[in-house]
Amino acid sequence: MSKLSADNRAERRGAEFSHEVMTEAEAADYLRRSPGMLRQWRTRGQGPAYVREPGSRLIRYLKADLDAHIAAGRVDPSAPAATEDRYAKLRRGA
């Protein structure tokens, strides 16, 4: 059994999620979370932006919003501010 390279996995994953609007289940799979986690985030006012279809209880996610959510959590460990924040939290016991 051969392993896929990281580029091949990303390419394959991109093809899987090529549509711009996703259901809750598709969004959860894209983020590698459970649908329940997305529901918890919505209840807490956290997580990615979502769309509630007018006159319906259906929730949809825009791929751009999911990508923005992922990017918002990006940390560049080589950036001085990120390193200083990380060590400051460790010193405070956070």
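The values are calculated or read from the model by the stated rules, or taken from the named source; none is laboratory data. Remember, predicted model here, so these are calculated numbers, not experimental data. All Cβ positions, even for glycine, are placed from backbone atoms using ideal geometry, and neighbour counts span all protein chains on display.
Quick notes on this structure:
- Of all residues in region 50-72, exactly one satisfies the criterion of being outside any helix (DSSP H, G or I) and either of a type in the set (S, T, N, Q) or touching a Gly at 6+ places or on another chain (Cβ under 9 Å) (or both), namely SER56.
- Some residue of region 70-82 being under 19 Å from GLU20 (Cβ atoms), at pLDDT 80 or above and surrounded by 10 or more Cβ atoms within 10 Å (Cβ to Cβ): yes
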